[in-house]
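Scroll down for the structure; my scribbles are underneath it.
Only the coordinates and a few stated rules stand behind these numbers; no lab work does. The structure presented is a predicted model; accordingly, all values stated were derived computationally and were not measured. Because the Cβ atoms are built from the backbone with ideal geometry, glycine has one as well, and the counts that use them run over all protein chains shown.
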Amino acid sequence: MPEQFSRTELLFGKEAIRKVERARVAVFGIGGVGSYTLEALVRSGVGTIDIIDNDKVCLSNLNRQLIATHKTLGQYKVDAAEQRMKEINPDVVVYKYYTFYLPESSGQFDFTKYDYVVDAIDTISGKISLVMQAKEADIPIISSMGAGNKADPTAFQVADIYQTSVCPLAKVMRRELKKRGVEKLKVVYSKEPALTSAEDGIVDLVNGADSNQDKEEKQVRRRLAPGSNAFVPSVVGLIMAGEVIKDLAGIGK
């Protein structure tokens, strides 16, 4: 085991580190949450990581996204992420996808190759598709619920989707996953109410919504450009990475 991971090895043991090193993890979405998840996975010694995002680094990313600097402005996020990953661990194997994950692009991905999937994307339809594809392949997945318009990083917790409350995104996910027969899903969410109005724009319509459902149930509403900060998405991302590493290494089981 390289000296680079010796401190982690002291904490978790050699066998745990070997499991992490042999693992392949897919991170969907390299934004405020996903970039911090990715950082911790690389620094923990995950051997192979797939990164999926079609966005480019822009000025508005600088306040919260780990890969965003004035040097990386205009670069594809997956390119900026790969460069940073290699600077941390030159041996990490990186597979890049210049695409946004949506139901129509899901066929590009063979989930049977993965040991774990991280959902750090924004769209409801994409999140549901990720969960269903992971479940079909019998691969563990962790999903980030709403992190925008939040200011209390201490309010976030790990839970099963059916134990969540308050979070509007989690509410829709509970309903839609129940319809599809999904019995459980590990998520990171917060009960903190959104700090700004949720009536300023529609992010996504849930496919297959019943026509007799009321407007709130049919639509997930939030600001088209939700407020965010440097300390909430980062915490969510690090919590997610911690769960991935512990599960891969069999820690606490």
Worksheet, complete the sentence: Taking the alpha-carbon centre of each part, the distance from the stretch 43-107 to the stretch 225-253 in Å is 16 Å
Item to complete: With a cut-off of 20 Å, note down the residues of the stretch 122-160 whose backbone N falls inside the zone around a label point 7 Å from the Cα of Arg22 toward its beta carbon.
Response: 138-141
Worksheet item: Out of the DSSP beta bridges found with both residues in the stretch 1-154, what percent are antiparallel (nearest 5)?
Response: 5 percent
Discussion item. Just to check I understand the Karplus step: with θ = phi - 60° and J = 6.51 cos²θ - 1.76 cosθ + 1.60, what whole-Hz values come out for the stretch 68-84, glycine and proline as x?
Written reply: 8, 9, 5, 6, 9, 3, x, 7, 4, 4, 5, 6, 4, 5, 4, 4, 5
Fill in: Packing-based exposure ordering (other Cβ within 10 Å, fewest first) of Leu11, Leu41
Leu11, Leu41
Item to complete: Any of Lys135/Lys171; Lys135/Lys191; Lys14/Lys113; Lys186/Lys246; Lys19/Lys184 with alpha carbons more than 18 Å apart? Name them for me.
Response: Lys135/Lys171; Lys135/Lys191; Lys14/Lys113; Lys19/Lys184
Fill in: For Lys56, residues with placed amide H under 5 Å, excluding near neighbours
Lys77
Fill in: 222 nm mean residue ellipticity, helices alone, for the chain (DSSP H n ≥ 4; -39,500 (n - 2.57); rounded to 500)
-10500 deg cm²/dmol
Discussion item. As I understand it, the value is the acute angle between the Cα axis of helix 32-43 and the longest principal axis of the Cα atoms of the chain; what does it come to in degrees, rounded to 10?
Written reply: 20 degrees
Discussion item. Taking the beta-carbon count within 10 Å as an exposure proxy, list Glu21, Glu136 from fewest neighbours to most.
Written reply: Glu136, Glu21
Practice prompt. Based on other C-beta atoms within 10 Å, arrange Arg18, Arg64 from fewest to most.
Written response: Arg18, Arg64
Response to the item:
In degrees rounded to 10, the 0-90 angle between helix 232-249 Cα long axis and the longest Cα principal axis of the chain is 60 degrees
Worksheet, complete the sentence: Label model pair Gln157, Arg43: point-to-point distance (7 angstrom along the Cα→beta-carbon line) in nm is 2.6 nm
Practice prompt. Figure the gain on full extension for Tyr98 and Lys178 (residue separation times 0.36 nm, minus the Cα-Cα span) and round it to one decimal in nm.
Written response: 25.7 nm
